[in-house]
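The values are calculated or read from the model by the stated rules, or taken from the named source; none is laboratory data. All of these numbers come straight from a predicted model, not from anything done at the bench. Because the Cβ atoms are built from the backbone with ideal geometry, glycine has one as well, and the counts that use them run over all protein chains shown.
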Amino acid sequence: MKRINLTGRALSDVALTVFDQSPEAAQELAGKNAPYGLILTTETAYSDLDPELIEKADLIAIDFPAFGDGRGFSLAVRLRKDFNFTGELRATGPVIPDQAQFLLRAGFDSVDTDDARAAAFQKAAGRFTAFYQTDYTGNTSVAHTRHGPSQRERKAS
Amino acid sequence: MYAYDPYDKEIVNTRVEEFRDQVNRRLSGELTEEEFRPLRLMNGLYLQLHAYMLRVAIPYGTLSSVQMRRLALIARKYDKGYGHFTTRQNIQYNWPKLVDTPDILLDLADVEMHAIQTSGNCIRNVTTDQFSGATADEIADPRPYAELIRQWSTFHPEFSFLPRKFKIAITGAPSDRAAVKWHDIGLVVRKNDAGDIGFEVLVGGGMGRTPVIAKTIRDFIPEADLLGYLEAILRVYNEQGRRDNKYKARIKILVEALGSDTFADLVEKEWQTTRHHPIDVPEAEIKRIEAFFAPPPLEVLPEQDPAVDELAANNFLFHAFLKNNVRPHKVPGHVNVTISLKPHGGIPGDATDAQMDLVADLADTYSLGEIRVSHEQNLILPHVARRDLPELYEALSRSGLGTANVGLISDIIACPGLDYCALANARSIPIAQNLAKRFDDITRLQDIGELKVKISGCINSCGHHHAGHIGILGVDRKGEEVYQLLLGGSGAEDASKAQILGPGFDENGIVDAVETVVAVYLGERQDGEKFLETYRRIGADPFKEAVYEAH
Ligand code: SF4
């Protein structure tokens, strides 16, 4: 298993607690003064999440049961936009290299993948350099860049 | 027409390289077919009964003559000399080789075309009215908005792995020629009291096993908020749409389960939290795109032309062509000409490379190089001067493109069916051909009048049988191809679901049954009534009696 760094930020190595199995145990973590990480799955409804618990986490891993389970992308977007989560966001499970840029642009920082796929992941992560959507990682849609520098400054909030 | 800028070019070219890389990995054995499948499907490459099939997007059904010539070239170079225009304003090639597909994409990219998101569980090619920008009954040309949606939905990082495929249609006119109520999202351009442009938003329409007509969730979303509002719909669907059962995964099932009011509330709530994010584009961008679709400078010409009238008086077929295939344009003295791809005995929607080249040449001569593709699988030359019609008709009929049956019973929508499609239960094409043969007399066709027949080879409904005035559905009964007969559907603004009339028929029986249905209509119709109007007035019973008594 290899950990791919998509954004280049320093990656966290805190222990992870599975949220879906024990929301209470996860909740307790927020009360302590130690760094913590959470494992969410694509089944996790964002509305079940406590904003404080999320915001204070160092690391959140979203586990994909299948690469086609696109809920993981929306959950990542939710964490960034609705919960102001600024910690490391990691994708685990059978995601595929051809999804590298989608993961990155939905807000993921890192991916755990088989050794055999690591090189393809790295390659795919930098493939496209122009995008049709402003995303939650600072890429600006070409619809904005086309219209000058003042628009280019507009970043997703 | 829209023209790519360097950003658009870069994105499409990068996609070609990416796909070439994926194909190479497959050919070298690095990827198994199972791993390759989702990748090729994101790019419109299906494995069919006999070969790969490549589906190429024709965004909102608009083509230039240059693009049409390229489609012809691809048909010649990589296929068996023809292409198939589909109900989603795409073109399909039935015989490409896997190893050639990256080169095909390169040839397409060269003329600003692609196969991006023509399959897979993502937002598909946005479809619209084939007469956009050329018809008097529209509030605004919907194509700039379709282009805006095309860009926003292309490689969307959050919405590329939806529960199921997702289809958006938009119309700028109250007369709905894009079947918007049968789409996952339907958009209808509206103008509010202040004169501002916006959209009525409908969600949850769709065919398949569970036909549903879309419901309005917002009467008016301002132009500037369109993408943000669409994003909110897609987010709610991506999170809450069912993923446990492929047949329950479309947005229509979610909207039915929640109720459209609850669904609308969820969308509204999400939209309110994101509406100040730069999902929506600057006004200058809308203006930039609109400029590409500025109405062409057409001279106002006399509405009547003596040469046209004279030919119509002497040539019965031209008279029929004028009546059925020619529609008024918004500029006086001009018309929109529909070229029927439904010659009797032919394959609905198919065109040969030579026909595509000819249409491209005719477009250069008569329609400012512009061509449209309709969801009814025909081609349209917009902006034609009425006085050019005799010449144009002559050129078309010489090449087998002059069939004067648009909107009539032989202008049939048919899916590829068992002749090509791996999912099919029954053949569709031969049924269309036999029907056309049975009604092979133009006088009779015209007497019957507007009658939309739609044929699907299985319940996936690619042939839109649920929306047919007469719908035909192929099913499998213990290895036999059986055809169900449905009546009373509509894909227009008065959308309705066709209802099954009774037990199914074999291949010959279905043609007889359609003929009986038509006979009942002709006997029952009142002055000037169209088939659908008669059906709605008298109901299914008289048809049922006649069709099943005879057996
Ligand atoms: S309706 Fe069925 S048979 Fe026809 S094209 Fe669609 S999937 Fe194939």
- prompt: If you check B:Gly400 against the conditions, is it assigned to a loop (DSSP other than H, G, I, E, B), under 21 Å from the mean Cα position of the chain (by Cα) and away from the ligand (no atom under 16 Å from the Cβ)?
  reply: no
field: Residues of the stretch A:79-93 satisfying the condition of being crowded, with 24+ Cβ neighbours inside 10 Å and touching a helix residue (DSSP H, G or I) at 6+ places or on another chain (Cβ under 7 Å)
entry: A:Leu79, A:Leu89, A:Ala91
task: Looking only at the stretch B:506-521, decide whether some residue is within 16 Å of the ligand (Cβ to nearest atom) and either within 14 Å of chain A (Cβ to nearest Cβ) or closer than 30 Å to B:Gly172 by Cβ (or both).
output: no
- prompt: Would it be correct to say that A:Gln27 is assigned to a helix (DSSP H, G or I), over 17 Å from B:Phe161 (Cβ atoms) and either more than 9 Å from chain B (Cβ to nearest Cβ) or not hydroxyl-bearing (Ser, Thr, Tyr) (or both)?
  reply: yes
- line: Given (1) in a helix (DSSP H, G or I); (2) under 30 Å from B:Ile459 (Cα atoms); (3) modelled with pLDDT under 95; (4) not hydrophobic (A, V, I, L, M, F, W, C), B:Gly208 misses just (1)
message: Looking at the stretch B:1-55 only, could you name the residues that are away from chain A (no Cβ under 11 Å), free of Cβ contacts under 8 Å to residues at least 12 places away in the same chain and in contact with a Lys or Arg (Cβ under 9 Å, 6 or more places away or on another chain)?
response: B:Thr32, B:Glu33
- request: Search the stretch A:97-140 for residues being over 15 Å from the mean Cα position of the chain (by Cα), surrounded by 16 or more Cβ atoms within 10 Å (Cβ to Cβ) and β-branched (Val, Ile, Thr), and hand back the single one that is nearest to the other protein chains (Cβ to nearest Cβ).
  value: A:Thr134
message: Name the residue that is nearest to B:Val267 (Cα to Cα), counting only residues in the stretch B:227-252 that are more than 12 Å from chain A (Cβ to nearest Cβ) and in contact with a strand residue (DSSP E or B) (Cβ under 8 Å, 6 or more places away or on another chain).
response: B:Ile233
query: Just wondering, is there one or more residues in the stretch B:527-538 that are farther than 17 Å from B:Ile448 by Cβ and part of a loop (DSSP other than H, G, I, E, B)?
result: no
- request: Evaluate the following for B:Val267: is it assigned to a helix (DSSP H, G or I), in contact (Cβ under 8 Å) with a residue 40 or more places away in the chain and surrounded by 23 or more Cβ atoms within 10 Å (Cβ to Cβ)?
  value: yes
query: Considering B:Ile58, B:Ile104, B:Ile123, which residue is more than 30 Å from B:Tyr247 (Cα to Cα), buried (at least 20 other Cβ atoms within 10 Å of the Cβ) and either within 20 Å of the chain's Cα centre (by Cα) or among the β-branched types (Val, Ile, Thr) (or both)?
result: B:Ile104
message: Given the criteria within 16 Å of the ligand (Cβ to nearest atom), modelled with pLDDT under 95, away from chain A (no Cβ under 14 Å) and surrounded by fewer than 23 Cβ atoms within 10 Å (Cβ to Cβ), does B:Asp419 qualify?
response: yes
message: Go through (1) within 14 Å of chain B (Cβ to nearest Cβ); (2) in contact with a strand residue (DSSP E or B) (Cβ under 6 Å, 6 or more places away or on another chain) for A:Asp63 and report which single condition fails.
response: (1)
message: I'd like to check something: does the stretch A:74-93 contain any residue that is in contact with a Pro (Cβ under 9 Å, 6 or more places away or on another chain), closer than 26 Å to B:Arg25 by Cα and facing chain B (nearest Cβ under 8 Å)?
response: no
query: Here are some conditions: (1) more than 9 Å from chain B (Cβ to nearest Cβ); (2) surrounded by fewer than 22 Cβ atoms within 10 Å (Cβ to Cβ); (3) at negative phi. A:Ala57 meets all but one. Which one does it not meet?
result: (2)
message: What's the number of the only condition in (1) acidic (Asp, Glu); (2) surrounded by fewer than 16 Cβ atoms within 10 Å (Cβ to Cβ); (3) more than 20 Å from B:Val406 (Cβ to Cβ) that B:Asp494 fails to meet?
response: (3)
- request: Hey, can you tell me all the residues within the stretch B:265-315 that are more than 14 Å from chain A (Cβ to nearest Cβ) and within 18 Å of B:Glu147 (Cβ to Cβ)?
  value: B:Phe293, B:Ala294, B:Pro295, B:Pro296
task: Taking B:His464 as meeting all but one of (1) surrounded by fewer than 23 Cβ atoms within 10 Å (Cβ to Cβ); (2) under 18 Å from the mean Cα position of the chain (by Cα); (3) within 13 Å of the ligand (Cβ to nearest atom), write down the number of the exception.
output: (1)
Residues located in the stretch B:440-461, provided they are over 16 Å from B:Lys497 (Cβ atoms), more than 16 Å from the ligand (Cβ to nearest atom) and touching a Gly at 6+ places or on another chain (Cβ under 9 Å): B:Asp440, B:Gly449, B:Glu450, B:Leu451
- prompt: Of everything in the stretch B:253-264 that's in contact with a helix residue (DSSP H, G or I) (Cβ under 7 Å, 6 or more places away or on another chain) and away from chain A (no Cβ under 14 Å), which residue is surrounded by the fewest Cβ atoms within 10 Å (Cβ to Cβ)?
  reply: B:Phe263
- prompt: If you go through the stretch B:474-489 one residue at a time, do you hit one that is away from chain A (no Cβ under 14 Å), on the phi > 0 side of the Ramachandran plot, modelled with pLDDT of 95 or more and away from the ligand (no atom under 13 Å from the Cβ)?
  reply: yes
- request: Of all residues in the stretch B:143-192, count the ones that are within 14 Å of another protein chain (Cβ to nearest Cβ), basic (Lys, Arg) and over 23 Å from A:Gly72 (Cα atoms).
  value: 1
field: Any hit, the stretch A:63-79, residues being free of Cβ contacts under 8 Å to residues at least 40 places away in the same chain and on the phi > 0 side of the Ramachandran plot
entry: no
- request: Counting only residues that are within 17 Å of A:Asn5 (Cβ to Cβ) and modelled with pLDDT under 95, give me the helices (runs of 4 or more DSSP H) lying completely in the stretch A:69-157 with at least 2 of them.
  value: A:115-125
task: Inspect all residues belonging to the stretch B:422-439 and state whether any of them is part of a helix (DSSP H, G or I), more than 16 Å from the ligand (Cβ to nearest atom) and free of Cβ contacts under 8 Å to residues at least 12 places away in the same chain.
output: no
message: I need a count of the residues in the stretch B:51-78 that are at pLDDT 95 or above and more than 22 Å from B:Phe292 (Cβ to Cβ).
response: 9
